[in-house]
């Protein structure tokens with residue numbers, strides 16, 4: 001460890017604002033469109049273009065221009081209110097990111113195995129409660145029944161199954177899964193939390209408004 005003595009200390013201390021310096025560095029390293037895209041991706045509650053513009057460090061007209069472009073691509077949701085137009089991340093964005101990530105990081109066989117496991121778990125619920133779908137189970141349960149926790153898991157299974165099937169269907173457009181294998185080999189030693197990198201997980205991305 002290096003210990004700084006009084007003699008080693010700089011004669012002139014920087015008195016600037018750390019946040020301001022970070023913002024200036026962010027602006028220097030990104031384009032205006034990059035910043036609008038980044039801010040909109042983490043905006044989970046409707047906000048005016050002026051608010052998003054301030055967060056992205058761009059002018060309001062520029063923010064409106066790029067938000068409209070992002071809305072056309074399905075990345076941003078536009079909400080018209082009495083007080084004006086509001087913008088937020090499109091609800092399907094997280095699903096789209098998960099689909100792309102699963103396709104990128106997993107082979108066809110891995111995705112097929114996950115689909116098989118999800119369907120097996122789904123079938124077990126159907127047999128256990130003798131119902132066809134989660135809505136039927138919801139109607140049959142009484143307030144104090146233990147099955148309400150299974151409803152939450154059932155809904156997660158259905159959502160994950162749709163995402164896994166969508167990721168598998170991407171191989172129709174990219175039949176060669178060599179890129180996925182390369183990504184896995186490059187990140188073999190990477191571990192995220194308690195999950196080994198390369199496994200399909202239910203983790204959701206954190207968002208801020």
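The values are calculated or read from the model by the stated rules, or taken from the named source; none is laboratory data. Since the structure is predicted, the reported quantities are computational estimates derived from the model, not experimental observations. Counting neighbours? That spans all protein chains shown, and the Cβs are built from the backbone with ideal geometry, glycine included.
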- Task: Kindly check whether there is at least one residue in segment 97-107 that is over 22 Å from the mean Cα position of the chain (by Cα) and without any contact (Cβ under 8 Å) to a residue 40 or more places away in the chain.
- Result: no
- Of the residues in segment 64-76 that are under 14 Å from residue 50 (Cα atoms) and free of Cβ contacts under 8 Å to residues at least 12 places away in the same chain, the one that is surrounded by the most Cβ atoms within 10 Å (Cβ to Cβ) is 65
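Residues are listed down the side, and each one gets a yes or a no for (1) over 22 Å from the mean Cα position of the chain (by Cα); (2) within 20 Å of residue 94 (Cβ to Cβ):
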{"position": "35", "(1), (2)": "no, no"}
{"position": "40", "(1), (2)": "no, yes"}
{"position": "43", "(1), (2)": "no, yes"}
{"position": "54", "(1), (2)": "yes, no"}
{"position": "67", "(1), (2)": "no, yes"}
{"position": "70", "(1), (2)": "no, yes"}
{"position": "78", "(1), (2)": "no, yes"}
- The one condition residue 61 fails out of (1) over 28 Å from residue 22 (Cα atoms); (2) surrounded by fewer than 17 Cβ atoms within 10 Å (Cβ to Cβ); (3) out of contact with any strand residue (DSSP E or B) (no Cβ under 6 Å at 6 or more places or on another chain) is (1)
- Note on the structure: Across segment 161-199, the tally of residues that are touching a helix residue (DSSP H, G or I) at 6+ places or on another chain (Cβ under 6 Å) and either modelled with pLDDT of 90 or more or not assigned by TED's automatic domain parsing to the domain that holds residue 129 (or both) stands at 7
- Task: Starting from residues that are modelled with pLDDT under 95 and buried (at least 19 other Cβ atoms within 10 Å of the Cβ), keep the ones in segment 77-91 and report whichever is nearest to residue 34 (Cα to Cα).
- Result: 89
- Being over 23 Å from the mean Cα position of the chain (by Cα) and modelled with pLDDT of 50 or more narrows it down to one of 152, 120, so name that one. 120
- Query: Which members of segment 96-121 meet the condition of being in contact with a helix residue (DSSP H, G or I) (Cβ under 6 Å, 6 or more places away or on another chain) and under 25 Å from residue 47 (Cβ atoms)?
  - Reply: 98
- Message: Within segment 97-115, does at least one residue satisfy the condition of being crowded, with 17+ Cβ neighbours inside 10 Å, within 30 Å of residue 65 (Cα to Cα) and out of contact with any strand residue (DSSP E or B) (no Cβ under 9 Å at 6 or more places or on another chain)?
- Response: yes
- Exactly one of 122, 70 is assigned by TED's automatic domain parsing to the domain that holds residue 153 and within 29 Å of residue 168 (Cα to Cα), and that one is 122
